[in-house]
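Report on the structure given below.
Here, each number is a calculation from the coordinates, and none is a lab measurement. All values reported here derive from a predicted model rather than from experimental measurement. Here Cβ is always computed from backbone atoms with ideal geometry, including for glycine, and neighbour counts include all displayed protein chains.
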Amino acid sequence: MPQERALWSFAMYGRVRRAVVLGYEDLSQLPLTTIYAALYCAAEPQHPEHLLSGEWQGAALADLMAEAELQPGANSAVIYGADGSQLALP
């Protein structure tokens with residue numbers, strides 16, 4: 001496994017019935033969803049073009065939330081980047 005892939009993971013915990021932790025290989029086995037959306041570059045937040053639009057492909061967040069079984073009151077998320085960046089989302 002290439003070194004950069006070892007850093008990739010997805011975890012959902014907190015107000016969930018079941019914590020979900022998936023590595024890159026786990027995520028790559030899930031069905032793909034393709035959408036055209038606004039894309040935020042957390043690695044370059046000060047760059048004037050850190051918010052772009054484009055095609056994104058990956059596991060659907062709705063599927064991952066269903067797997068975790070969100071509890072009532074779950075209303076926000078924090079995304080932590082491997083580079084130490086954080087992004088809070090309502």
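What to note about this one:
- Computed 3J(HN,Hα) for segment 8-13, one whole-Hz value per residue from the Karplus formula 6.51 cos²θ - 1.76 cosθ + 1.60 where θ = phi - 60°, is 6, 7, 10, 10, 10, 8, glycine and proline marked x.
- Karplus-derived 3J(HN,Hα), 6.51/-1.76/1.60, for each residue of segment 54-59, Hz, glycine and proline x: x, 8, 10, 9, x, 6
- Sequence ranges 80-87, 12-19, ranked by mean other-Cβ count within 10 angstrom, highest first: 12-19, 80-87
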